1. Return the carbon/sulfur percentage of the accessible area of region 63-110, one whole number, probe 1.4 Å, all protein chains in place.
2. Order K75, K93, most accessible first, counting only protein heavy atoms with a 1.4 angstrom probe.
3. Any idea of R126's accessible area? Nearest 10 Å², probe 1.4 Å.
4. Kindly report the accessible area of the chain per residue (heavy atoms of protein chains, probe 1.4 Å, no ligands, DNA or RNA), in Å².
5. Using every pair of alpha-carbon atoms in region 1-117, split the distances into 5 Å bins beginning at 0 and state the percent of pairs per bin, rounded to integers.
Amino acid sequence: MLTNSLDTAQVLSTAKGIKFIMVPGEFNEAIRGFTGLLTTDFIQRFRIDYIFLGANGIDASHGMTVPDYADAETKRVLIRQSRHVIVAADHAKLGSSYFEIVARLPEIEAIVTDSDADETIVQELRAGGTEVILV
């Protein structure tokens with residue numbers, strides 16, 4: 001398990017039976033995680049099977065987006081190192097877009113969202129080549 005998220009690290013700190021690696025870097029208070037060159041250089045040392053990412057916005061035109069460039073670059077490197085990319089975004093984030101593009105829809109294997117998602121937006125995302133899972 002590899003994470004740059006302080007919140008994820010806190011939850012996993014008591015988990016048993018996993019190898020847990022905290023990614024170093026500059027702490028970004030807005031995302032409560034580590035970003036920057038130290039972070040991306042470290043991440044490139046690993047091959048990741050499944051990456052689970054949060055998005056601030058995701059739409060059919062721009063894909064996954066975030067407002068912070070350092071967060072975006074960290075997520076792009078994580079995606080490049082990963083075999084499977086899953087994005088978690090509640091329904092309010094679908095159809096929104098922000099300053100930095102992280103990944104286009106074909107780079108995202110699946111989007112997990114809640115059942116309140118707008119069906120039109122869900123269909124647009126699926127038409128872009130990404131599986132959308134409603135929970």
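1. Here carbon and sulfur together make up 51 percent of the probe-accessible area.
2. Sorted by accessible area, descending: K93, K75.
3. 90 Å²
4. It amounts to 56 Å² per residue over the chain.
5. 2, 12, 21, 24, 21, 13, 5, 1, 0
The values are calculated or read from the model by the stated rules, or taken from the named source; none is laboratory data. Everything numeric in this text was worked out from a predicted model, so none of it was measured. Just so you know, the surface numbers come from the protein's heavy atoms only, side chains and all, with ligands and any DNA or RNA stripped out. Shrake-Rupley method; radii C 1.70, N 1.55, O 1.52, S 1.80 Å.
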